[in-house]
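First up is the structure itself, then whatever we jot down about it.
Read-outs: derived from the displayed coordinates by stated rules, not from any lab. Here the structure is a predicted model, which means the values were calculated and not measured. Backbone-built Cβ (ideal geometry, glycine too); neighbour counts: all protein chains shown.
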Amino acid sequence: EMKFIYAICALLMLLMVHQTSAAGCAGCAVDADRNSEEIKKHAENSIKEIQKGLNTPYDLKLIEIESVTTQVVAGQLLKYKLIAGYDDPKANKTVKHRCTVEVWLKPWEDFEQTTVKGCENID
C-alpha cells in the first residue's frame, strides 16, 4: 500500500515537471521578433547611447539586429545584439561595431532606460 502511494506521488511529480518544462519558465527571457516595429524602434533609440560611447564625429546607424530577447522584470527588459556602423569618408568604408544593449521599459511610467553593455569593432 505504501509503495503504491509513493508510485502515485512520483508519477504526479513527473507530470508537474513535464508541464512546467513544456510551458517554459515564467519570467525567463524569450526570443523576440527582430522584425517587429516596436523592437526596431527601441533598437534605433539605443543608437544614441552607443554613439556616445564610440566617440565618433560620424552619424551612427543601425545596420542589423542580430538577436533580441524579451523578459518581464518590473516592466520589460529587451536584450539586443546588434550591428551599428558609420561611413568613414577618410577610410572610404563603413566602420561596423557589434554591440550588446539592454533596454528596460516601464510603459505605465513612460520610462525607457538604455544601457550599452559593450561594443567591439568587427571590420
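Once you list every other residue whose beta carbon is under 12 Å from the beta carbon of residue 48, what net charge do they have if Lys and Arg are +1 and Asp and Glu are -1?
-2
Leaving out same-chain residues fewer than 8 places away, which aspartates and glutamates sit with a Cα under 18 Å from that of residue 79?
31, 33, 37, 38, 44, 49, 64, 66, 102, 112, 120
Summing Lys, Arg as +1 and Asp, Glu as -1, what charge do residues with Cβ under 13 Å from the Cβ of residue 31 carry, residue 31 excluded?
+1
What pairs from 41/90; 48/96; 48/117 go past 25 Å between their alpha carbons?
41/90
Need the full-extension length gain, residue 59 to residue 44, defined as separation in residues times 0.36 nm minus the C-alpha distance. One decimal, nm.
4.2 nm
Tell me, what is the Rg over Rh of the range 26-123, with Rh the Kirkwood radius over Cα pairs?
Rounded to two decimals, Rg over Rh is 1.01.
Using only the Cα atoms, work out Rg/Rh for the range 69-110, with Rh taken as the Kirkwood radius, to two decimals.
Rg/Rh: 1.26.
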